[in-house]
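The block underneath contains the structure these notes are about, expressed in structure tokens.
The numbers here are math on the coordinates, done by the rules we state, and not lab data. Values in this document were obtained by computation on a predicted structure and should not be read as measured data. Ideal geometry is used to build each Cβ from the backbone, glycine not excepted, and the neighbour counts take in all protein chains shown.
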Amino acid sequence: MSKLLIVNASQLVTLAGPARPRIGAELRDLGIVTDGAMLVSDSRIVAVGTLAEIEPQAKDAEVIDAGRCLVTPGFVDAHTHLVFAGNRADEFEKRCAGMTYQEIASQGGGIRSTVRKTRAASEDQLLQAATRHAQWFLQGGTTTIEAKSGYGLTVEDEFKILRVIGRIGETTPLRTVPTFLGAHEIPEEYAGRADDYVSLVAEEMMPRVAHQKLAEFCDIFCEAKVFNLGQSRRVLTAAKSHGLGLRMHADQFTSFGASDLAAELGAKTCDHLEQTQPASLAALKAAEVQPVLLPGSVYAIGSHKYPAARDMIGAGLAVVLATDFNPGSSPTTSMRMVMSLACTQMKVTPAEALTAATINAAYSLNRGDEIGSLEAGKAADFVIHDAEDYRELPYFFGDHRAASVFARGKQYMTR
Ligand code: NIG
Ligand code: FE
């Protein structure tokens with residue numbers, strides 16, 4: 001048995017607390033142990049506390065000196081589009097020249113342009129691209145991601161992407177939680193026949209995804225000119241009947257009741273919420289839907305309308321922060337950048353941001369008992385940061401690389 005004793009952490013941010021997502025003032029309680037130590041055996045945390053408490057149990061452990069640096073749980077990124085071919089730097093240039101994200105999409109660019117490239121790529125080519133993205137996540141201290149399909153939009157191409165998501169979880173230290181997003185866009189060949197595509201997703205793809213256990217969750221892009229409320233209801237109801245959890249891209253550009261539908265159907269999360277009406281927050285609270293806020297996508301499309309995070313926290317919602325990593329609206333893997341945007345643009349405190357990026361995100365993926373905090377019995381996914389104090393994580397922005405990253409008790413990298 002290999003044992004590790006982590007010593008000399010300036011702050012050991014445990015996020016220890018109740019076995020449920022954190023709300024209200026709980027979001028600010030990080031469970032910090034100053035001069036903390038942690039004992040790891042194989043891939044699990046055995047004990048967390050002060051060195052005096054831990055040392056007697058740590059005979060023959062290899063000592064890892066954190067060097068008076070900050071130690072946190074690995075970030076949990078609960079909304080990513082990990083697998084795609086190519087990139088959209090060309091569209092970025094157009095947006096810089098004044099075109100909007102929606103204008104580009106309505107001219108055949110946007111998601112559809114990534115779909116063309118992703119369909120043309122082989123499974124191994126996609127695995128190679130996704131492995132590169134996985135390394136970026138890990139280098140930044142992210143040890144778990146939710147990953148969506150959605151750039152295939154045919155049975156074969158969606159399955160190809162879902163298989164790659166599974167293979168990333170097997171071939172890299174990054175944990176992946178797969179989400180089926182067959183309803184990400186209406187494919188070109190179904191233009192004017194969106195309902196037929198919805199039938200394909202709900203009746204053909206969904207049962208096969210569930211039967212092959214290729215996804216744990218189902219998501220849909222519920223938005224004007226993409227999928228309306230009726231179509232979203234069909235897809236999500238089918239997903240639920242096949243035992244998949246529900247997530248939803250809702251209220252990103254327009255508000256027409258998507259988050260209310262998420263509440264009605266008992267979705268696990270409702271993501272984006274830039275345009276959500278204040279009256280919808282009570283419904284989300286009543287249904288215990290977790291809002292997943294994606295400020296990177298607001299920043300990168302050059303919008304200024306960030307979600308009302310303070311109102312959501314005030315309404316008692318268990319807020320989550322995620323990157324929305326994708327080649328269009330949010331080309332970043334940096335949870336630190338997302339935390340920084342949450343603090344500066346949405347007036348979230350650094351402590352709230354860290355809770356939203358770890359333990360709350362873990363609960364939104366049904367993994368709150370396994371990851372997201374540093375507590376005895378949980379997985380040894382943790383990060384030593386080049387920082388002394390947790391507030392430095394969002395404060396120093398732009399460089400997101402961690403000092404050392406440990407996934408399942410194994411050191412992935414040291415800077
Ligand atoms: O979450 N809104 C839809 N999907 C992604 C964007 C995907 C893309 O532009 O390729 C999002 O912003
Ligand atoms: Fe997204």
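Relative to the current alpha-carbon distance between R310 and Q345, full extension at 0.36 nm per residue lengthens the span by 11.5 nm.
Each Lys or Arg adds one and each Asp or Glu takes one away; over the other residues whose Cβ falls under 14 Å from the Cβ of F406, this sums to +3. If you plug the beta carbon distance of T254 and M413 into 1/(1 + (r/R0)^6) with R0 = 45 Å, you get a FRET efficiency near 0.60. With the cut-off at 27 Å, tell me which of the pairs K240/K378; K148/K285; K240/K285; K148/K347; K59/K410 have Cα atoms farther apart than that. Violating the 27 Å limit, Cα to Cα: K240/K378; K148/K347. Listed by chain and number, the aspartates and glutamates placed with their C-alpha closer than 17 angstrom to that of K213 are E146, E156, D157, E158, E170, E203, E204; residues fewer than eight positions away on the same chain are left out.
Could you identify which residue out of H211, H184, H79 has the top mean-square fluctuation in a GNM of the chain using Cα springs shorter than 10 Å? Judging by the Gaussian network model, the answer is H211. With semi-axes defined as the square roots of five times the eigenvalues of the C-alpha gyration tensor, the equivalent ellipsoid of the stretch 285-415 measures 23, 19, 13 Å, largest first. Modelled this way, with points 7 Å down the Cα-to-C-beta line, the labels at C96 and A283 are 4.1 nm from one another. Think of each Lys and Arg Cβ as +1 and each Asp and Glu Cβ as -1; about the Cα centre, that makes the dipole of the chain roughly 200 debye.
Per residue of the chain, the DSSP helices (runs of n ≥ 4 H) give a summed -39500 (n - 2.57) that works out to -9500 deg cm²/dmol at 222 nm.
How high is the FRET efficiency between N87 and E189 when r is their beta carbon distance and R₀ equals 30 Å, given to the nearest 0.05? Working from the Cβ atoms, E equals 0.80. For the stretch 80-223, relative contact order (Cα pairs under 8 Å, six or more residues apart, normalised by length) works out to 24 percent. The value of relative contact order for the chain, using C-alpha pairs under 8 Å at least six residues apart, is 21 percent. Between D389 and V63, the C-beta separation translates, for a Förster distance of 30 Å, into a calculated FRET efficiency of about 0.80. Taking every C-alpha pair closer than 8 Å and separated by at least 6 residues, the mean separation divided by the residue count of the stretch 335-415 gives a relative contact order of 29 percent.
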